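Chemist: The structure under discussion is supplied below as structure tokens; questions concerning it will follow.
The values are calculated or read from the model by the stated rules, or taken from the named source; none is laboratory data. The structure displayed is predicted, hence computed values, not measured ones. Cβ atoms come from the backbone with ideal geometry, glycine included; neighbour counts cover every protein chain shown. We work out accessible area using only protein heavy atoms, side chains counted, and drop any ligands, DNA or RNA first. Shrake-Rupley method; radii C 1.70, N 1.55, O 1.52, S 1.80 Å.
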Amino acid sequence: MTASDTSKAANQMWGGRFAEGPDAIMQAINASIGFDKRLYAQDIAGSRAHAAMLAATGILTDSDARAIGEGLLTVLSEIESGQFQFKVELEDIHLNVESRLTEIVGEAGKRLHTGRSRNDQVAVDFRLWVRDQCDAAITGLTGLMRAFVAQAEAGADWVMPGFTHLQTAQPVTWGHHMMAYVEMFARDRSRFEDARRRMNECPLGAAALAGTGFPIDRHMTAAALGFDRPTANSLDSVSDRDFALEFLAASSICAMHLSRFAEELVIWSSAQFRFVRLSDKWTTGSSIMPQKKNPDAAELLRAKLGRILGATVALFTVMKGLALTYSKDMQEDKEQVFDAADSLMLGLAAMTGMVGDMTANRDTLKAAAASGFSTATDLADWLVRSLNLPFREAHHVTGTLVALAESKGCDLPDLSLAEMNGVHPGITQEIYSVLGVENSVRSRMSYGGTAPDQVRAQIARWKPLLG
């Protein structure tokens, strides 16, 4: 296409207001087709619903509406088969589709834009796309939660150390640790579900900003596109990007949870911990150190949060200073969301694979659970229950016994009864029954606790919920 052809095409789409075509630099900064072509399916779905409504309300003839509907399906087929030629001079997905439609069906194609604007058109396209991503995230999270439940079920009674400050705190079970992530990702799933419900209103028909004088039926187009209802204020309809911000916010929190477990996998798979073994599918070797098995997938997942959180901040920054209604700034709303969605879906798939493939080293976990005086709290609790000591006194006695064991280079169960009596004369042989890690976890029977019976109860609660 020559420069004059480019100018002519642009002028035809913009109308008679502009005598000249855009400068090349202006065209480059103004065009969004390089990225918003991802909205082609949503754009065509919205246009087909709009055309059907225009015919139902008598604004279009049935024959024009049929031609438009069939022509749009042809455009869809061309795009999906790779035959469609996207043109930068037509700026965006909307004008590219409409221009090709008009080439196919003639004059009827020019009538499609009656009663709408690119402002409400992009709002509905983008909302449909983000709604689809919410559905994909919900599906991905459900699969990830199933993988964690399977790990929990396999090791509901396997003992491992629980940490605070990355220091050994108390014994817990592998199943309990896995189920902690089920709870985290369940909250993520509920955030996407909640955001989807809130965004499920249709902005199509708000036109440029004030609605339209044509007798359109917005409830009809909303229903055709699977929305609960049309949006209630035309100004808000074209200027709202809360749905994208909510998706990004939910994605950021979810990515943070993915990053937390990725960090645990990096630590746990190290030679110093050896808590888990990752399969070859999710690790790489070193170019010069043949012994290395690097948890690269987990490390990359850890970094994905930066991209997703960055996208969230970027869109907040775009939107924060915009007066009602639409401003061209809002064209910068999509690339960040596209990239964040891609990163999130990839992260969910990768983490599901890693969790499903990882193998816990049960013996190593148990040995680590018994180290670091992990049953000290059990000792203090026994002093309270059996000797009726105030907890603060029991805490002091236990701390003294820990210091004694540390000085002798042994663990609490290795101290003799005489040595314990030297710290508090009331201690009896019964104390040894609470110092074992197995006894410790079995005793944590409070609701939501680490006792195997409690873990299995939570697994039984979640399995039917996950299908």
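Chemist: Looking only at the stretch 181-200, count how many residues are free of Cβ contacts under 8 Å to residues at least 24 places away in the same chain and either crowded, with 23+ Cβ neighbours inside 10 Å or touching a strand residue (DSSP E or B) at 6+ places or on another chain (Cβ under 9 Å) (or both).
Modeler: Qualifying residue count for the region: 0.
Chemist: Going through the stretch 52-80 one residue at a time, which ones are open to solvent by less than 70 Å² (accessible area, probe 1.4 Å), over 39 Å from the mean Cα position of the chain (by Cα) and of a type in the set (Val, Ile, Thr)?
Modeler: The answer is 57, 59.
Chemist: Name the residue, out of 255, 206, 262, 249, that is open to solvent by less than 10 Å² (accessible area, probe 1.4 Å), in the same structural domain as residue 299 (by the TED database), under 30 Å from residue 163 (Cα atoms) and touching a Ser or Thr at 6+ places or on another chain (Cβ under 8 Å).
Modeler: None of the others qualify; the one that does is 255.
Chemist: Right, residue 375: over 22 Å from the mean Cα position of the chain (by Cα) and within 30 Å of residue 414 (Cα to Cα) or not?
Modeler: Criteria met by residue 375.
Chemist: Same structure, new question: For residue 379, state whether it is over 30 Å from residue 37 (Cα atoms) and in a helix (DSSP H, G or I). Working first, answer last.
Modeler: On the way: over 30 Å from residue 37 (Cα atoms): yes; in a helix (DSSP H, G or I): yes.
So residue 379 passes the test.
Chemist: In the stretch 451-462, is there at least one residue being in contact with an Asp or Glu (Cβ under 6 Å, 6 or more places away or on another chain), hydrophobic (A, V, I, L, M, F, W, C), at negative phi and crowded, with 16+ Cβ neighbours inside 10 Å?
Modeler: Yes, because at least one residue in the stretch 451-462 is in contact with an Asp or Glu (Cβ under 6 Å, 6 or more places away or on another chain), hydrophobic (A, V, I, L, M, F, W, C), at negative phi and crowded, with 16+ Cβ neighbours inside 10 Å.
Chemist: Would you confirm, using the coordinates I've provided, whether residue 449 is within 30 Å of residue 148 (Cα to Cα), of a type outside the set (Asp, Glu) and at pLDDT 95 or above?
Modeler: yes
Chemist: Tell me the residue from 150, 180, 137, 123 that is aliphatic (A, V, I, L, M), at pLDDT 95 or above, in a helix (DSSP H, G or I) and farther than 23 Å from residue 357 by Cβ, please.
Modeler: The unique qualifying residue is 123.
Chemist: OK, next. How many residues does the stretch 308-334 contain that are open to solvent by 50 Å² or more (accessible area, probe 1.4 Å), of a type outside the set (Phe, Trp, Tyr), modelled with pLDDT of 95 or more and part of a helix (DSSP H, G or I)?
Modeler: Selection size over the stretch 308-334: 3.
Chemist: Only residues in the stretch 378-394 that are without any contact (Cβ under 8 Å) to a residue 12 or more places away in the chain and of a type outside the set (Phe, Trp, Tyr) count as the first member; pair them with residues that are open to solvent by 50 Å² or more (accessible area, probe 1.4 Å) and not in a loop (DSSP other than H, G, I, E, B), Cβ under 6 angstrom, at least 6 apart or cross-chain, and list the lot.
Modeler: Pairs that qualify, where the first residue is without any contact (Cβ under 8 Å) to a residue 12 or more places away in the chain and of a type outside the set (Phe, Trp, Tyr) and the partner is open to solvent by 50 Å² or more (accessible area, probe 1.4 Å) and not in a loop (DSSP other than H, G, I, E, B), are 384/391.
Chemist: Considering only the stretch 205-300, give the helices (runs of 4 or more DSSP H) lying wholly within it that have at least 1 residues that are farther than 28 Å from residue 187 by Cα and hydroxyl-bearing (Ser, Thr, Tyr).
Modeler: 218-224, 234-239
Chemist: Confirm whether residue 126 is closer than 27 Å to residue 332 by Cβ and surrounded by fewer than 22 Cβ atoms within 10 Å (Cβ to Cβ). Please lay out each step first, then the result.
Modeler: Details: closer than 27 Å to residue 332 by Cβ: yes; surrounded by fewer than 22 Cβ atoms within 10 Å (Cβ to Cβ): no.
Criteria not met by residue 126.
Chemist: Pairs under 6 Å by beta carbon, first residue under 16 Å from residue 331 (Cβ atoms) and without any contact (Cβ under 8 Å) to a residue 40 or more places away in the chain in the stretch 73-95, partner part of a helix (DSSP H, G or I) and not basic (Lys, Arg), six or more apart or different chains?
Modeler: none
Chemist: Right, here's the next one. Tally time: how many residues in the stretch 329-367 are free of Cβ contacts under 8 Å to residues at least 40 places away in the same chain and within 22 Å of residue 30 (Cα to Cα)? Don't jump to the end; show me each part of the working.
Modeler: First pass over the stretch 329-367, keeping only residues free of Cβ contacts under 8 Å to residues at least 40 places away in the same chain: 329, 332, 339, 342, 363, 367.
Going one step further and asking which of them are within 22 Å of residue 30 (Cα to Cα), we end up with 329, 332, 339.
Summing the residues that are free of Cβ contacts under 8 Å to residues at least 40 places away in the same chain and within 22 Å of residue 30 (Cα to Cα) in the stretch 329-367 gives 3.
Chemist: Right, something else. For the stretch 103-123, what are the residues that are under 17 Å from residue 48 (Cβ atoms), open to solvent by 30 Å² or more (accessible area, probe 1.4 Å) and over 36 Å from the mean Cα position of the chain (by Cα)?
Modeler: Hits for the stretch 103-123 are 104, 105, 110, 111, 114.
Chemist: From 83, 151, grab the single residue that is in the same structural domain as residue 30 (by the TED database) and open to solvent by 10 Å² or more (accessible area, probe 1.4 Å). Spell out how you get there, then give the answer.
Modeler: Numbers: 151 fails: in the same structural domain as residue 30 (by the TED database).
After ruling out the rest, the residue left standing is 83.
Chemist: If you go through the stretch 96-114 one residue at a time, how many are touching an Asp or Glu at 6+ places or on another chain (Cβ under 7 Å), closer than 19 Å to residue 216 by Cβ and free of Cβ contacts under 8 Å to residues at least 60 places away in the same chain?
Modeler: Residues meeting the conditions: 4.
Chemist: Determine if the stretch 346-359 includes at least one residue that is open to solvent by 70 Å² or more (accessible area, probe 1.4 Å) and either outside the structural domain of residue 156 (by the TED database) or among the charged types (D, E, K, R) (or both).
Modeler: No, there is no match, as no residue in the stretch 346-359 is open to solvent by 70 Å² or more (accessible area, probe 1.4 Å) and either outside the structural domain of residue 156 (by the TED database) or among the charged types (D, E, K, R) (or both).
Chemist: On the basis of being assigned to a helix (DSSP H, G or I), surrounded by fewer than 16 Cβ atoms within 10 Å (Cβ to Cβ) and of a type in the set (Ser, Thr, Tyr), does residue 371 make the cut?
Modeler: no
Chemist: If residue 49 passes every condition in (1) surrounded by fewer than 16 Cβ atoms within 10 Å (Cβ to Cβ); (2) at pLDDT 95 or above; (3) of a type outside the set (D, E, K, R) but one, which one does it miss?
Modeler: (1)
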